[in-house]
Amino acid sequence: MLVPEIDRGPPVWFRNDHFASASNRNDPRQFPVTTETPPETSAGRGRSDTTFIVGAVSIAHFLSHVYLLAYPPLFPLIGAEFGLTTTQLGLLVTAIYVPTLVLQLPLGELVDRIGAKRILVTGLVVTSLGVSLSGTAPTYWTLLAFALLSGIGQSVFHPADYAFLESVTDAANQGTAFGMHTFGGFAGFAAAPVVTGTIGIQFGWRVALPTVGVLGFVYAAALLVLAAPVYKRQIDARESSVTADTDVTDEDGTATLRATVAGLLRPALLFVFAFYFVSMMAIVALQSFTTVFAVDLGFSDSAANTVLTAYLVGSAVGVLAGGPLADRLPFQWVIVAAFGLAAVGIWYSVATAATASLLALVAIFGLVGLLMGIALPARDTLANSFSDAGSTGKSFGFFFTGLSLGAVISPTLLGALIDARSVFTAFVAVGGLLIVAASIVVALGLRARAKRG
């Protein structure tokens, strides 16, 4: 007797529902995507509201990344005026990132308490203010202080952005929304050198920074007004529900603080923190040292920048493709497959370095960038599956603290490895970091399976 084959889907431990915690088991984001149209949630998510919020938040993310790279294209001009060393110029970038290590988690908690819109608008104003005031800096130390101020504003974007996105998406479209948001950031990185560099060359760096900075003020005002109706329909309804479910009567807040810390130190969340930390070390290393890799092979600076451009363009395309993949496939498999193949590509570039042509190198790093980009929406979908209802800002603040830590440590650590050994040894290590990151995702799945018996 012939028995019809039953499609059992992916291995049971890799299904999305195995990553749900007991507190958010009923969240539709936790379960595999089906072809059925998902029901409307209690927040009343509408297609037009979702499109508006995803677009609005992605533009804010675009501006955030423009401001992250506002200074480097102007380094020759700033350095010449103040007589700065390369190390002193680099500290301007460090000053932007340092506040995110300290502030993302408490700001994420604040997002969960008072809402994402107000925090996002405030952060956009603060980071725009820091960049704008930089054009008036009379000394290097004043400029460094303004860069630090810009970094304080930067600290709000990830907790607020993801809380906004989570409030208007579900399992059917969340990966796509996260992909568009990430693409906005990549577009900002691409636009920053063109915009600030061009204005700086034509009119000077003291004109370029305020000119770019004013864009943030304009958009913050527009977002404050235009997002208000959507905010009332979507976010306020969700926050009211969360507030009713999580009312705390401890007046001094001690119990709330203990509960917050205990919740974030759950083993599963620490695994996700480690995943963000390790994967970001690999991403920043590729962004920072791909040109060094190409130059060490004997290619010119211009050719090396072509290789880096191929990687960045591949990443941007991959992000757009990765969003729908995260919606349609188990996002854990997307991460493991993409990171695993990217590691193979990096190791292949090292193994064939002696005979590699420029065209081959461009193709390899373009493919590596594509794979890295594909993994990013799935990465954020994975993280969101561990965010309890009403705690998206806090959870993403915690996870992106790991990301910021990886971004700060990676250039120094991998740079030291390049100095001590070689750039090829460092890139072998970068491939290893991707395998470690993929292994963390596998470990999360195995742990979830073991807990379910």
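Placing a label point 7 Å from the Cα of Val214 along the Cα-to-Cβ direction, the residues of the stretch 128-161 whose backbone N falls under 18 Å from that point are 128-137. Between Phe203 and Ala420, the modelled label-to-label distance comes to 4.8 nm, taking each label 7 Å out from Cα in the direction of the beta carbon.
Available extension along the chain between Thr352 and Thr142 is 70.8 nm, counting 0.36 nm per residue and deducting the alpha carbon span. Here the stretch 300-338 is scanned for amide nitrogen atoms under 19 Å from the site 7 Å beyond the Cα of Phe271 along Cα-to-Cβ, giving 330-338. When the charge dipole of the stretch 46-242 is built from unit charges on Cβ atoms (+1 for Lys and Arg, -1 for Asp and Glu) and taken about the Cα centre, the candidate among Ala221, Leu165, Leu84 whose Cα reaches farthest toward its positive end is Ala221.
Full extension of the segment from Ala303 to Val344, taken as 0.36 nm per residue of separation minus the current Cα-Cα distance, would add 12.5 nm.
The residues Phe299, Phe289, Phe339, when put in order of fewest to most other Cβ atoms within 10 Å, stand as Phe299, Phe289, Phe339. Extension gain, Leu359 to Thr412, is 16.1 nm, computed as 0.36 nm per intervening residue step minus the present C-alpha separation. Under the simplified labelling scheme, the Arg449-Leu329 pair shows an inter-label distance of 1.9 nm, with each label point 7 Å from Cα along Cα→Cβ.
None of the figures in this text is laboratory data; all of them are computed from the coordinates on show. Since we're looking at a predicted model, the values are computed, not measured. Positions of Cβ are backbone-derived with ideal geometry, glycine not excepted, and every protein chain shown enters the neighbour counts.
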